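Single-structure report; data block below.
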Amino acid sequence: MIMKPIKIYLSFTKYVATAVKFSVLCSFSFAQKKIIITTSDTFPIIQNLKEVVVTASRVSENLLSAPVSISKFTKEQIAQTASPTFFEGIGNMKGVHMITPSLGFKIINTRGFANTTNVRFVQMIDNVDNQSPHIGAPIGNSLCPGDIDIDNVEIIQGVATALYGMNAINGLVNFKTKDPFTTQGLTIRQQIGVNHISDPGGESPHIFNETNIRWAKAVSSKLAFKLNAGLTQGYDWIANNTYDLSSSLNAGVGIGGGPANPAYDPINGYGNESSDQKNITLKDGKTYTVARTGYWEKDVTDYHLKNWKGDASIYYRPTANSEISYTYRVALLNSIYQRSNRFRLENYMLQQNILQFKNSYLQLRAYVNSENTGDSYNLRSMAENIDAFSSGTTNNTTQWFNNYTTAFNNAYVGGSTAIAAHAIARTTADAKANRLQPGTDAFNKELSKLQQINNWDSGAALHVKANLIHTEGSIDLGKLLHSQYNIQVGGDFRDYMIIPDGNYFINPITAGTNINYTSGGVFVRASQNFFHEKLMLSAALRMVSTKYFDAKYNPRLTAVYAVSKSNFIRFSYQNGYRFPSIFEGYSNINSGGVKRVGGLKVMSESKQIFENSWLKSSITAFQNAVKADLNEGLSQAAAIQKEASLLKKSTYTYLQPEQMHSFELGYRGTLFNNSLLIDIDGYYNFYKNFIAQVETSVPHSGPGSGGNTSWPADSLYNKANQDRYRLWTNSKTQVNNYGAELELKYTVNKNYQITGNVSYQTLKKIEQNDGLEDGFNTPAWISNLSLSGLNVYKKLSFTINGKYLSTYLYQSYITGFALPSPAVFNIDAQVKYTFQKPSIELKIGATNILNHYYRSILDGPQIGGYYYTTLTYSLPSITH
């Protein structure tokens, strides 16, 4: 079955080799200066003493003496990684937890509380936030230079809001790209791979292709430019978890979970969720929960992945110590994206325009991120509405349940068992509703039609246009004033601009006009060495003011003590705030009978939604108890009256910023004649006011209206007599989390290095558990162990990396509750050979080389092995 893809793979490799050979001949015209090869031939453990980082304190400083936990992924390490790309290689760094909602959408996180839209972790390129404006987080690596333009990566594990703001509560990663003045010429990188080998879902193997081209040139000592272009194509991993989320709903009548369950709601099946279910009493005298049939995810989406991306930059140096640059980045994406639902991103476009100035004292930066979701759509709404509107333009849900009831009763009276009668009832109701079959022309036509309907009660379109405008500046007063103190001051202003589409977003104040969600901040940082430069103390304070909220203050205090020239102990205290994202604050979505409303007061105060809400968790318990009473022979009125005390009024209210306090103690240094590098830290965090969602209902009518003395119980039993909401609010649970991280790098000799890291993180709840705190969603243990050999035989190198993640509870908005995610152990490996003339690197590798399929998140796809070959041709670095 796999011979044809392998033949295609080999032919692609042959084609790539030819292309690289041609590019070698063509590109010599770009090289006009002396060539200096800068790639190290040995493992540079001693160079770790000289490694410089900027992200930790916004100033250049030695990595060993940095005051907070920070790791650096150097270009030498990137070249040697067993991962197919630098972005995936970040997942093997100390304390990093990477989850994979899809092949084209991977999420980086540190220190817990991970989710598929990680708004607590900031991702930057050359100090520029590359988030999607309406989402409030980046779309993985979609809008980012390829591997051949990445110089290094710096990642802060832990809160970074005092210096960066931008909601960097969990951490921050900064991708540093190559300087066109010092790294010139043409580089082409071609990767061909294959995935879906022995796919448990029966999917055939597919070719994966990634092409990246970089061209940079210094026209003179003052002017330079660079261009990057990339194309990624492949077939995504498939989400097909069949676990029944409604397995308990019919247990009282002797039916368990699975396809025979009338309320069957598989994790990756859509259109059969709770809003598509109804309690019906049938001829056998029992009350069942029954769901619409729904569709599997693979029925309503296209798993083909395509990502075009590119950037163009021009740099001008008016003086030797100053630089002005302009960069334009663009990405066009077809992929799967996941938030509280899973989406097909189709013709989804992100753009960035960046203008920067920097010299020895001053940095100024302004950029605009623009987003257009194109023809994207919600997979759940697509499945629901193909079911609901298959008979025409009128929702057929009520008639479907009527037909189901009639068909069951006829079959049961005719002698069928209850299980058989349910199967007959479903087949009959689906047929009378003209349920469309996946893959047919009629089905595809309906899918295309709903893809353009911007109302999730009758369509599935995700039509959002949004912009993020950001300006910032900082000045090094210590340098400018030649002071003995290191003093930095700066400020920033940010404006999210959303164009209301009438479905996803509305302007609650002035209908039809753009939404502006603004914030501004200023910071000051000062540091000074004491005791003959043995002790460095620093303090930073950021004040942030955001629309609708009072100003908040984020302090950071750090101390670093030099035990010796290469051994340092550090301590830090930081406070961080996270403000609601655009989606959390302003969303206004009708989705399958449930309205998702942002938690800002301006969104719902006029309707008094928070004030009149009842908790869905209590409503579900109430409805199930009434159903059980009905099956025991009670009348509906009597059962409702008996169980009414189960209903709980919601006490949640409008959104407030999320807050945390963090304490960290660490050591970083080298031992045994600099052959062993150690980096260890421990931390303790205090969190409150988690931003999360609560599901509620507002019952129709009011107390005693129309002689109704059992309000709201009777309204909350009948779905037709209540309005359902999912509201953004704050959890009342106070929680702590704590953990420790250790990284060791041991250089055996100039050719071999062993690297290992392990992190432990856990959650400690110290106050009431209201069930709303955002899921910790992080394995207690994450560890990596790798062996690398550099030039072990001539120019032959290799790396083997093993990764282990312990089992953990994963809570998502899709499943609605926490389920255990199994432990994962993977092995990645690569071998590479470097040709000097011409400069070509051949790399053959695999991730999950043993092809053990797993899920990084329970509502995400099954991930198997990926086997690849990468060819990289480049002119060596040019140094003036």
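The values are calculated or read from the model by the stated rules, or taken from the named source; none is laboratory data. Computed from a predicted model, the values in this text were never measured in an experiment. Here the Cβ positions follow ideal geometry from the backbone for every residue, glycine too, while neighbour counts run over all protein chains shown. Note: accessible area is taken over every heavy atom of the protein model, side chains too, but ligands, DNA and RNA are not part of it. Shrake-Rupley method; radii C 1.70, N 1.55, O 1.52, S 1.80 Å.
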- Scan the stretch 199-242 for residues that are crowded, with 16+ Cβ neighbours inside 10 Å, more than 22 Å from the chain's Cα centre (by Cα) and not in a strand (DSSP E or B) and report the count. 3
- Message: For the structure I just gave you, tell me whether Thr558 is touching a Leu at 6+ places or on another chain (Cβ under 9 Å), modelled with pLDDT of 95 or more and of a type in the set (S, T, N, Q).
- Response: yes
- Task: Could you please give the count of residues in the stretch 855-872 that are part of a strand (DSSP E or B) and more than 17 Å from Gly234 (Cβ to Cβ)?
- Result: 2
- Message: I'd like to know if the stretch 686-706 contains one or more residues that are out of contact with any Ser or Thr (no Cβ under 9 Å at 6 or more places or on another chain) and part of a loop (DSSP other than H, G, I, E, B).
- Response: yes
- Item | Residue selected from the stretch 785-804 under the condition open to solvent by 20 Å² or more (accessible area, probe 1.4 Å) and among the β-branched types (Val, Ile, Thr), by the criterion modelled with the highest pLDDT | Ile800
- Task: Could you check, for the stretch 699-720, whether at least one of its residues is acidic (Asp, Glu) and touching a Gly at 6+ places or on another chain (Cβ under 9 Å)?
- Result: no
- Message: Looking at the stretch 230-252, I want the residues that are closer than 19 Å to Gly816 by Cβ and have a partner that is of a type in the set (A, V, I, L, M) and open to solvent by 10 Å² or more (accessible area, probe 1.4 Å) with Cβ atoms under 7 Å, at least 6 apart or on another chain. Which pairs are those?
- Response: Asn241/Leu858
- Among (1) open to solvent by 40 Å² or more (accessible area, probe 1.4 Å); (2) part of a loop (DSSP other than H, G, I, E, B), where does Ile609 come up short? (1)
- Note on the structure: The lone condition Gly599 fails out of (1) open to solvent by 10 Å² or more (accessible area, probe 1.4 Å); (2) assigned to a loop (DSSP other than H, G, I, E, B); (3) farther than 30 Å from Ser572 by Cβ is (1)
- Task: Hey, could you check the stretch 389-446 for residues that are among the aromatic types (Phe, Trp, Tyr) and under 21 Å from Glu297 (Cα atoms) and say which is modelled with the lowest pLDDT?
- Result: Phe389
- Query: Taking the stated definitions as given, is Leu772 surrounded by fewer than 21 Cβ atoms within 10 Å (Cβ to Cβ) and either over 28 Å from Ala239 (Cβ atoms) or modelled with pLDDT under 95 (or both)?
  - Reply: yes
- Task: Please find, within the stretch 109-132, the residue that is nearest to Thr327 (Cα to Cα) out of those that are assigned to a loop (DSSP other than H, G, I, E, B) and either hydrophobic (A, V, I, L, M, F, W, C) or free of Cβ contacts under 8 Å to residues at least 40 places away in the same chain (or both).
- Result: Val119
- Right, Ser545: modelled with pLDDT under 95, over 30 Å from Tyr496 (Cα atoms) and either among the β-branched types (Val, Ile, Thr) or in contact with a Ser or Thr (Cβ under 8 Å, 6 or more places away or on another chain) (or both) or not? no
- Query: Consider Gly112 against the criteria (1) small (Gly, Ala, Ser); (2) out of contact with any strand residue (DSSP E or B) (no Cβ under 7 Å at 6 or more places or on another chain); (3) on the phi > 0 side of the Ramachandran plot: it satisfies all of them except one. Which criterion is unmet?
  - Reply: (2)
- Query: Looking at the stretch 72-119, which of its residues are open to solvent by 10 Å² or more (accessible area, probe 1.4 Å), polar (S, T, N, Q) and within 16 Å of Ser783 (Cβ to Cβ)?
  - Reply: Asn92
- Message: Checking Asn272 against (1) in a strand (DSSP E or B); (2) open to solvent by less than 10 Å² (accessible area, probe 1.4 Å), only one condition comes out false. Which one?
- Response: (1)
- Residues (aliphatic (A, V, I, L, M) and closer than 30 Å to Ile192 by Cβ) located in the stretch 230-271: Leu231, Ile238, Ala239
- Message: Can you tell me how many residues within the stretch 54-92 are under 25 Å from Phe208 (Cα atoms) and within 21 Å of the chain's Cα centre (by Cα)?
- Response: 10
- Task: May I ask you to say which residue of Asn751, Asn757, Asn791 is over 30 Å from Val159 (Cα atoms), in contact (Cβ under 8 Å) with a residue 40 or more places away in the chain and in contact with an Asp or Glu (Cβ under 7 Å, 6 or more places away or on another chain)?
- Result: Asn791
- Task: Mind telling me which of the residues Asn395, Asn369, Asn334, Asn307 ends up being in contact (Cβ under 8 Å) with a residue 12 or more places away in the chain, surrounded by fewer than 19 Cβ atoms within 10 Å (Cβ to Cβ), outside any helix (DSSP H, G or I) and not aromatic (Phe, Trp, Tyr)?
- Result: Asn395
- For the subset of the stretch 41-64 comprising residues that are open to solvent by 30 Å² or more (accessible area, probe 1.4 Å) and among the hydroxyl-bearing types (Ser, Thr, Tyr), which member is modelled with the lowest pLDDT? Thr42
- Among residues of the stretch 805-836 being outside any strand (DSSP E or B) and of a type in the set (A, V, I, L, M), the residue modelled with the lowest pLDDT is Ile814
- Task: Kindly indicate whether any position in the stretch 575-589 is open to solvent by 40 Å² or more (accessible area, probe 1.4 Å) and in contact (Cβ under 8 Å) with a residue 40 or more places away in the chain.
- Result: no
